[in-house]
Amino acid sequence: MQFNGNLIAGLATVICLSLQAPTSNAARESKKVDDTPFKAQAIDIPPADAAVLAMVDARDATSLNGTWNLIVDPMGMGSPGGFFGGWATDRIPVDEWQLLEYNYASSKQVRVPGDFNTQFDELFFYRDGVWYQRHFDASPVEGKRYHLWFGGANYTTSVFLNGQPVAKQVGGYVPFSVDVTEALEAGDNDLVVSVNNRLDDNSVPTKRTDWWPYGGLTRDVYLVATPDTYIVNAKVELVSTAGGIRGRVITANAKRGTPVTLALPELDLEITASVDADGVAARQSDAAPELWTPDNPKLYDLTVSMGSDQLSDRVGFRTIETQGQKILLNGEPIRFKGISTHEEPIGRDGTAFSRADMEVLFGEAKALGANFVRAAHYPYSRHAAQVADEMGLLLWEEIPVYWNIAWENPETMAIAQDQLRRLIERDWNRASVVIWSVANETPYSEPRMRFLERLINQARDMDNTRLVSAALLGDPRRELKDVAMHLAAYGADREDISATERAIFKAMLKQAGGHAPAIGSGFNLVIDDPLGGLVDIVSYNEYFGWYYARGIAPAIGVSEQTVRKLMFEFMESITISADFDKPMHLSEFGAGAKSGKRGEGVWTEDYQAAVYRAQAKMITNSPQVQGITPWILKDFRAMLRTLPGVQDYRNRKGLIDENGRRKQAFYVLRDFYEGAWGNPEQWNQNVSMTPELTLFPSRLLPADNVLPAFDDDERALFGDQTPHETMTR
Ligand code: GCB
């Protein structure tokens, strides 16, 4: 039989129309169908509601967590309106004559919340579309409004209720909701959610990250009921350490003049204000609450009420600011003794999605002696900041503007802005959160500056009770060159390295002439990325003792072992500072270690611990550094970490492994936090408690610091040339 184009096009139209879900009015009315055969159809789906429906734990919410059905769709065939009709509804054939090529009930069963990658072996590396489906019963009450609320889904999500496309959210990790009052049925409801975890060059983050792009309905899903006139969100903040509480309540459908009340019974405080033309009620009142600190994480019960809507929360009050190069919490200088994390639980693969997961993870940060956590590199579930509030951990929250981003693409900008807005709106009442971070390791360019400046301004406009930062990258090329010259000084006169290597070092020093550094002359690494001028705290990721050796060794032609050993000695004389009169934070440093592997060389716990010791000395030398969050608390899943037997798709820089076993470096950092920071004597005393960490003992510096001479053999080998041309640039 011969097909011609017209016949197929006609058939496609008929098929598309006949396969539309019976209740799919919006789909039917959406865009004119492009009936090109086999073409994937794009249908219009309204965006999720703009404002975050906050304080969800206090609302009349029905959990839709549990077991859902799942269809895997690597070719995007399930989109409604396409040649095969789409999978936006749960359908079963009416009789044995009806052709339907999908069936939710007999498909895979998936747990919500939870990523799909770790629930099915065959989806471990999967980065594409899936369809979630479940039924639920509802008994809608006249006069109430109903909202579908998602704690976060990765990364592009379209929601269909009873066949109607009701919401689309682009960008993962942040909460979103949609008013579905009109689409909700009394009795059975059919909820279908398509989630796609594919990332590309224009997404935030892009497709290349050093963490697992876990996909699916990774967080709680609720059906929330509100009165017709309801409270959307409230922001409550301390005016100054002397007191004063300011409240702002955002409402929906409320008439101008409607009264709203904020109450803090323990403070005997009740603030009443009226809703303005924008639906916002704001007022300030005198009060002197006990201040929240990591040692005394005091929280107060808060209620917010408007008519029949009443919500509650637990809130703390504190101030955070900088003064010159100091960080002040409640007016008192504080150091951020921190640790970085990913949102993965201990002892189970996948994303952390429950409060208990966060209690265990942050409990380990507390055990380390930390007062601060960098929640890298994306917004975590709401449980993270709630648990940090209760436990007394200061928190750095971040959006996934990571490495290279399409700085000039307005859609990319919109995704990042949306993520930042939703994160801030969700967590602005969490006393623990002291930093909004807008980016990680973004290479310098003018478009990057413009992009990040907009985010920084947005964060400040939305919330001026916190600090803004971004983890900077420095200038790796310049740093490598400077560091290599210093290593040459340490290596030029060494007996324990080969004559060839000595000669290389001497040649480098000779070439540098009067600029050649001397042993122990010190090296001040200065961060001058202009973004430092825009943020409140200059944060910097550095990997002395880990990555740099890999770049330097081949560039100058000596062994990595030599560079690594010399590096440990050199690190003791490094200081880090910034070109800006602001506090600095070392947002990352670290080294990889396979849990239980002891001895010499990379991947051993001993090597990792030695890096932490050397880093601790650098930090002690660097008074501008007021905070650190080494990388990282726990080994985590990463697609780019493949080394069999060592990494097996995990980044091994954790202080504990995936099952919670502590490595040697955990104890080094704990010693440092337990009092040694800024107190070298105590530090040495504490470190002697872990005598196995003496792999690379410091070499005494020669008293005169004289540059080693180039001997005849070495000159014969290399003449007066610098051995590698990289170093001449
Ligand atoms: C970094 C990144 C972080 C990586 C880490 C590493 O600088 O910010 O996402 O996981 O280094 O282990 O290399």
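The values are calculated or read from the model by the stated rules, or taken from the named source; none is laboratory data. Predicted model only: the values in this text are computed from it and were never measured. Using ideal geometry, Cβ is built from the backbone for each residue, glycine included, and neighbour counts are taken over all protein chains shown. In case anyone asks, the SASA skips ligands and DNA or RNA and just uses the protein heavy atoms, side chains included. Shrake-Rupley method; radii C 1.70, N 1.55, O 1.52, S 1.80 Å.
What to note about this one:
- Long-range neighbours under 7 Å by Cβ, at least six apart or interchain, first residue under 12 Å from Ala484 (Cβ atoms) within segment 535-554, second at pLDDT 95 or above and open to solvent by 10 Å² or more (accessible area, probe 1.4 Å): Ala549/Glu560; Ala549/Arg564; Ala553/Ser559; Ala553/Glu560
- Gly520 meets the conditions (1) more than 16 Å from the ligand (Cβ to nearest atom); (2) at pLDDT 95 or above in every case but one. The failed one is (2).
- Some residue of segment 411-419 being crowded, with 20+ Cβ neighbours inside 10 Å, aliphatic (A, V, I, L, M), part of a strand (DSSP E or B) and within 13 Å of the chain's Cα centre (by Cα): no
- Those residues of segment 125-165 which are under 26 Å from Asp200 (Cα atoms) and part of a loop (DSSP other than H, G, I, E, B), in sequence order: Phe125, Tyr126, Arg127, Asp128, Gly151, Gly152, Ala153, Tyr155
- Residues (farther than 23 Å from Thr341 by Cβ and either assigned to a helix (DSSP H, G or I) or within 16 Å of the ligand (Cβ to nearest atom) (or both)) located in segment 615-625: Lys617, Thr620, Asn621
- Applying the condition of being of a type in the set (Phe, Trp, Tyr) and farther than 10 Å from Ser432 by Cβ to segment 366-395 and asking which residue is nearest to the chain's Cα centre (by Cα) yields Tyr378.
- Here Ala352, Ala370, Ala385 are screened, and the one residue that is away from the ligand (no atom under 16 Å from the Cβ), modelled with pLDDT of 95 or more and either open to solvent by 30 Å² or more (accessible area, probe 1.4 Å) or assigned to a helix (DSSP H, G or I) (or both) is Ala385.
- Among the residues making up segment 67-83, those that are surrounded by fewer than 18 Cβ atoms within 10 Å (Cβ to Cβ) and either modelled with pLDDT under 95 or assigned to a loop (DSSP other than H, G, I, E, B) (or both) are Pro74, Met75, Gly76.
- Segment 534-555, subset part of a helix (DSSP H, G or I) and within 16 Å of the ligand (Cβ to nearest atom), residue least open to solvent (accessible area, probe 1.4 Å): Ala549
- Against the list (1) open to solvent by 10 Å² or more (accessible area, probe 1.4 Å); (2) farther than 18 Å from Asn659 by Cβ, the condition Arg637 fails is (2).
- Contact map, segment 649-675: residues that are within 15 Å of Trp603 (Cβ to Cβ) and away from the ligand (no atom under 16 Å from the Cβ) paired with residues that are assigned to a strand (DSSP E or B) and modelled with pLDDT of 95 or more, Cβ distance under 8 Å, separation 6+ or inter-chain. Pairs shown: Gln664/Ala593.
- Segment 440-476, subset within 16 Å of the ligand (Cβ to nearest atom) and part of a helix (DSSP H, G or I), residue most open to solvent (accessible area, probe 1.4 Å): Pro476
- Search result, residues across segment 388-398 that are part of a strand (DSSP E or B), touching a helix residue (DSSP H, G or I) at 6+ places or on another chain (Cβ under 7 Å) and away from the ligand (no atom under 16 Å from the Cβ): Leu395
- Looking only at segment 581-610, and only at residues there that are over 24 Å from the mean Cα position of the chain (by Cα) and either in a helix (DSSP H, G or I) or basic (Lys, Arg) (or both), the one that is farthest from the ligand (Cβ to nearest atom): Arg598
- You will find that of Ala48, Ala88, Ala42, the residue that is more than 27 Å from the chain's Cα centre (by Cα), crowded, with 18+ Cβ neighbours inside 10 Å and aliphatic (A, V, I, L, M) is Ala88 and no other.
- Where Val526 falls short, out of the listed (1) within 15 Å of the ligand (Cβ to nearest atom); (2) assigned to a strand (DSSP E or B): (1)
- Residue that is surrounded by the fewest Cβ atoms within 10 Å (Cβ to Cβ) [pool: residues in segment 280-293 that are touching a residue at least 40 places away in the same chain (Cβ under 8 Å) and more than 9 Å from Phe317 (Cβ to Cβ)]: Asp286
- Subset of segment 346-396 (residues that are closer than 22 Å to Pro630 by Cβ and among the polar types (S, T, N, Q)): Asn371
- Residues in segment 569-609 that are farther than 21 Å from Asp475 by Cβ, touching a Leu at 6+ places or on another chain (Cβ under 8 Å) and open to solvent by 10 Å² or more (accessible area, probe 1.4 Å): Glu600, Asp606.
- Filtering Ile632, Ile628 for residues that are within 24 Å of Leu393 (Cα to Cα), within 12 Å of the ligand (Cβ to nearest atom) and open to solvent by less than 10 Å² (accessible area, probe 1.4 Å) leaves a single hit, Ile632.
- Any chance Gly514 is away from the ligand (no atom under 16 Å from the Cβ) and either open to solvent by 50 Å² or more (accessible area, probe 1.4 Å) or touching a strand residue (DSSP E or B) at 6+ places or on another chain (Cβ under 8 Å) (or both): yes
- Tyr378 meets each of the listed conditions (1) in contact (Cβ under 8 Å) with a residue 40 or more places away in the chain; (2) more than 16 Å from the ligand (Cβ to nearest atom); (3) over 19 Å from Ile656 (Cα atoms) apart from (2).
- Ala431 vs. criteria more than 17 Å from Leu394 (Cβ to Cβ) and either aliphatic (A, V, I, L, M) or assigned to a helix (DSSP H, G or I) (or both): no
- Just so you know, in segment 265-323 the residues that are outside any strand (DSSP E or B) and among the basic types (Lys, Arg) include one that is farthest from Gln626 (Cα to Cα), and it is Lys298.
- Checklist (1) buried (at least 22 other Cβ atoms within 10 Å of the Cβ); (2) within 16 Å of the ligand (Cβ to nearest atom) applied to Val558, failing item: (2)
- Selection of segment 155-176 for residues being surrounded by fewer than 24 Cβ atoms within 10 Å (Cβ to Cβ) and under 18 Å from the mean Cα position of the chain (by Cα) yields Thr156, Val170.
- Any hit, segment 193-206, residues being under 31 Å from the mean Cα position of the chain (by Cα) and either at positive phi or without any contact (Cβ under 8 Å) to a residue 12 or more places away in the chain (or both): yes
- Residue within segment 197-216 that is more than 16 Å from the ligand (Cβ to nearest atom), more than 18 Å from Glu398 (Cα to Cα) and aliphatic (A, V, I, L, M) present: no
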